[in-house]
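Encoded as structure tokens, the structure appears first; notes follow it.
The values are calculated or read from the model by the stated rules, or taken from the named source; none is laboratory data. Fair warning: this is a prediction, and the values are worked out from it, not measured in the lab. All Cβ positions, glycine included, derive from the backbone under ideal geometry; neighbour counts span all protein chains shown. We work out accessible area using only protein heavy atoms, side chains counted, and drop any ligands, DNA or RNA first. Shrake-Rupley method; radii C 1.70, N 1.55, O 1.52, S 1.80 Å.
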Amino acid sequence: QVQLVESGGGLVQAGGSLRMSCAASGGTFSNYVMGWFRQAPGKEREFVAAIGWNGGSTSYKDSVKGRFTISRDNAKNTLSLQMNSLKPEDTAVYYCAARRGTLVVLTSTRYDYWGQGTQVTVSS
């Protein structure tokens, strides 16, 4: 059983930056593909970014490409998401997720473990 705890969300003005982290425990971190998802009020949860077990493969939602960077530190069991040039439409609860295996996928239902989520609010 893997436990995931997000941190680093908050309130920021448009154009600003935030760095979120996800601490993993209870499993071998490098055995998991990791992802970030988000859910805005009244909307479905959507994919944001994902990273392969060794960081060699990454995937991003089109609207965050060039602004967000996903990374992982397997020695510290930590996943990160650097978010720059934030926009009001990035406002959502952000979730960290883990998927057993090596295939990087974008579908939330294919992830096995989830964090509790952290709020990101971008003011205009």
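Just a few scattered comments:
- The single residue among 40, 98, 49 that is in contact with a Lys or Arg (Cβ under 9 Å, 6 or more places away or on another chain) and either open to solvent by less than 30 Å² (accessible area, probe 1.4 Å) or small (Gly, Ala, Ser) (or both) turns out to be 49.
- All positions within the stretch 61-73 that are open to solvent by less than 50 Å² (accessible area, probe 1.4 Å) and either touching a Ser or Thr at 6+ places or on another chain (Cβ under 6 Å) or of a type in the set (Lys, Arg) (or both): 67, 70, 71, 72
- Restricting the stretch 106-124 to residues that are buried (at least 18 other Cβ atoms within 10 Å of the Cβ) and among the aliphatic types (A, V, I, L, M) leaves a set whose member that is nearest to residue 22 (Cα to Cα) is 120.
- Single match in 14, 40, 75 (criterion: among the hydrophobic types (A, V, I, L, M, F, W, C) and under 17 Å from residue 118 (Cα atoms)): 40
Let's see how each residue does on (1) surrounded by fewer than 21 Cβ atoms within 10 Å (Cβ to Cβ); (2) of a type in the set (Ser, Thr, Tyr); (3) at pLDDT below 95; (4) part of a loop (DSSP other than H, G, I, E, B):
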{"site": "59", "(1), (2), (3), (4)": "yes, yes, no, no"}
{"site": "75", "(1), (2), (3), (4)": "yes, no, no, yes"}
{"site": "79", "(1), (2), (3), (4)": "no, no, no, no"}
{"site": "82", "(1), (2), (3), (4)": "yes, no, no, no"}
{"site": "93", "(1), (2), (3), (4)": "yes, no, no, no"}
{"site": "104", "(1), (2), (3), (4)": "yes, no, yes, yes"}
